[in-house]
């Protein structure tokens, strides 16, 4: 019985770790998809992990998070369950892609820029606000 208790305690301690690790994106598509998934689900730590960490991008992400938190419970749930609909992936060169998408909830056309920097694919979120022309 004592062995079972110790095993259970160790198992519980390992499961209660709240730290989440995200996998590095292997390509632009993965980085973009994971970033958008994070914003839809309200997981802004995930979105930040897949985003180029400059002050402008961080500010836009904070605004996005604030808007998400202001929605009522039903509105947040609708976003969490929404699908990402990729319309077009434009590979501008070997280190830059533009992903045009919408989600199944609000169907608003959006685009994000994904860049490869230091061999890591990251979303340059400010592009979404600087370039409003969407295919």
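Results, tabulated for the structure shown:
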quantity	calculated
Estimated inter-spin distance, residue 54 and residue 77, nm [label 7 Å along Cα→Cβ]	4.0 nm
Label-to-label distance, nm, for residues given as residue 24 and residue 66 (7 Å Cα→Cβ offset)	3.4 nm
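Any read-out appearing in this document is the output of simple, stated calculations on the displayed coordinates, not a laboratory observation. The structure presented is a predicted model; accordingly, all values stated were derived computationally and were not measured. A quick note on method: Cβ atoms are made from the backbone with ideal geometry, for glycine too, and the neighbour counts reach across all protein chains shown.
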